[in-house]
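This report concerns only the one structure given below.
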Amino acid sequence: MADSAAPPPIPPPPPPPASEDVISRNPLSVGVIIGICIGVSLSLFLATCAVICVRLRRVKPGLFRGNSSERKEIVLPMRVNGADSSTILSDSDVGNRSPSQQQQPSVTSFLKANKELNYSAGILPFSFKELQKATNNFTTLVGRGAFGPVFKAVRPTGPVLAVKVLDVKSKQGGREFQTEVLLLGRLHHRNLVNLVGYCAERGHCMLVYEFMSGGNLAEILYNEERAALSWKLRVSVAHDISRGIEYLHDGAVPPVIHRDIKSSNILLDAMSTAKVADFGLSKEMTFGVPTSAVKGTFGYVDPQYLLTNVFTEKSDVYSFGILLFELITGRNPQQGLLDYVKLAALGVEGADGWGELVDPRLEGHCNLQEFGQIASIAFRCVNEDPRHRPKMRDVSQWLSRVGHKGDAASGYIAALAPVPEAHPEETDVSDVEFHGSPS
């Protein structure tokens, strides 16, 4: 009976999945899904790119400023010496605005902030019209420097003046303008050029000085159309310059480092009195603090300053030593002067043996004993080790004794003996004492 029973019914197959059913019924849905995924991904990609672009645009100026400062550290802003030279590599900011647009607002605000100070120091404001008339519409050009052109200004009353105009192409003129106004407002010495006033109108910046009719020392030394500077006058000029720098180092409060001592920055007046000029790079003395960038003039810059980026009063002493050699030899420091000096120094004993360096334009009209004394002083000043360089007050005293006879002269010459290089622990040469008193 059991065998005759009917077999159980076969269950129906399970229905297909709904998704498969939908897909099978609507094959276009696959393309829609893929399109949606691609669209979402593309939108996210574009949004990310937009955010990155915005951030880069905000950071980019800062990056450029950073690159600019890196270039400042690599390129030495060395000036080229000479009366008519305006070549200068500056560490000033790089931007899309013109230099006058960059500097003029800061100069104007600076003058407003220091107006009372300038009046108290005797620095007077001049109008643009007044200086335009005095310079015959700026046609009385007498020279050109890194700061800009210099014009002779003749007024109906009062002394003749010199007007130095900020060159619109200068990248550091605004900074130099402010430095000179601040420093020369409080520095007064017969061997420093006197700042009379200033003008900051119509987008122009000008500095007004006493007029130095004798011209600058570089012109006098290298212009063959002018009479050669006599030996007696060279000795006087050397002493004048030393006293001006001595005042900056020891007389000014706080002391000031010039940082650009060179022949084109030494001016002579009608009486041939030499005065130190151009304080645009000068700074108040700080001990052991690195400067922002190396500045100065090729041929005069202290090699120790190039190595350490620290400028001290001994760096001014080095530049003055180079200037002394330039003054007595008539040779340009940018054309191997120091190498020539070191070669001549191999045969020198004390203050003797420097005769081969005499400027040929003197045509033998030179006191060789005095020449040797000044050359010995200059050689001390350019010692590679700043510790062995004298202080400017000692240099000024030594120069005042050049040509003197008697006990003072013998002690003076003994003090100028070469400094041994094999004893780095030796005390500073400024400790050398003179025997006797000046006659």
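Would you mind checking the pairs Lys232/Lys295; Lys262/Lys314; Lys262/Lys342 and listing those with alpha carbons more than 22 angstrom apart? Beyond 22 Å: Lys232/Lys295. Applying 1/(1 + (r/R0)^6) with R0 = 60 Å to the Cβ-Cβ distance of Ile36 and Ala270 gives a FRET efficiency near 0.05. A protection proxy built from the mean count of other Cβ atoms within 10 Å ranks the segments 233-240, 129-136, most packed first, as 233-240, 129-136. Structural size metrics of the range 117-254, computed from C-alpha coordinates, are Rg and Dmax of 16.1, 47 Å. Taken over the range 204-330, the convex hull of the Cα atoms encloses 132 Å³ per residue.
By its C-alpha gyration tensor, with a ≥ b ≥ c as the square roots of the eigenvalues, how is the range 334-402 shaped: rounded for a/c under 1.5, else prolate for a/b larger than b/c, else oblate? The shape class here is oblate.
In a fully extended conformation the segment linking Thr157 and His404 would gain 84.5 nm over its present Cα-Cα distance, using 0.36 nm per residue. Among the trypsin sites (Lys or Arg not before Pro) in the range 185-214, those placed in a DSSP loop whose Cβ has at most 10 other Cβ atoms within 10 Å are Arg202.
All of the numbers you see were taken from the coordinates with simple rules; none came from a lab. Everything numeric here is computed off the predicted structure, so don't read it as measured data. We place every Cβ from the backbone using ideal geometry, glycine too, and count neighbours over all the protein chains shown.
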